[in-house]
Ligand code: UDP
């Protein structure tokens, strides 16, 4: 039986990846320090023999007994509110944490896939973003701690590939949404869903003409799964190229949720990228992958998930304060 370590296992993407690899017959070791993750996302896996959980912070030396075939490094805060509240941890998990996991991959002779992000492109001057684009990042802006940690992560991963011959994979993840996201963590999908559920107006930042392209989590997981098992070691964009302005997106959510709410406008956060759309030619060609779930279907599933939660569960989904 193949053994895989998944860091950030109690997070949104990490927990869906745990599900997928369990379903594929792997033995999954989920690791998380639970700063932003939530055990609720993986509690259904605890009774399984093929699953074990390890409460650990990967910025400290990582020890995993036994053999390991694969490592997926998905531990990281991933929302603008988190970067502001825990900037140092954000930097450390992408840099020190990645270094520890690359070291672990070396001793275990395991293949490692690291979760990078469209944020490496910053506020992009090339549109749509291809993997060849170097990016436009403000190193000292509020997002710099995340963006630069992820850029360093890519560099050190490539260095381990080149100098140690390690089997590495790099996925650049574009905006992804779906069940198990936290509510009100600053990101737009949970923000709008939470506001619709509470009957509040939807907050659009800036003029709402900035664009994003939203990928449903099942599609994202499929792309990551295929990339891990491929023989391609350079970065690959995984995301949904269907682009929309945030204002139009807010209107879609109002229609979808049947709320009477209006849109209210708030200040645009600093260094908020003006546009974002993945060029997924590489993923299509190398992985024979493209998204299958359109936004209407994906958002419906996501909203249905939030609606299915009890008030207590919903309250727990709210973003926790670190103070
Ligand atoms: N946004 C918004 N209202 C909100 C939350 C976010 O208009 O309540 C905007 C945000 O300014 C950005 C876009 O939605 O332009 C996507 O934000 P998110 O934080 O989800 O992702 P990222 O900016 O990292 O792509």
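Observations on the structure shown:
- Largest GNM mean-square fluctuation across 86, 140, 71, computed for the chain with C-alpha springs under 10 Å, falls on 140.
- Contact order normalised by residue count of region 114-273, Cα under 8 Å, 6+ apart, percent: 28
- 0 to 90° range, to nearest 10: angle between helix 295-308 axis and the chain longest Cα axis: 90
- Computed over region 184-272, the percent of Cα pairs more than 17 Å apart is 56.
- Note on the chain: percent of Cα-Cα distances in each 20 Å bin, starting at 0 and stopping at the bin with the largest distance, equals 33, 61, 6.
- Structure remark: mean-square fluctuation, Gaussian network model of the chain, C-alpha springs under 10 Å; the largest value among 40, 255, 284 belongs to 255.
Computed from the coordinates by the stated procedures, all read-outs in this text should not be read as laboratory data. Note that the structure is a prediction, hence the values are computed from the model and not measured.
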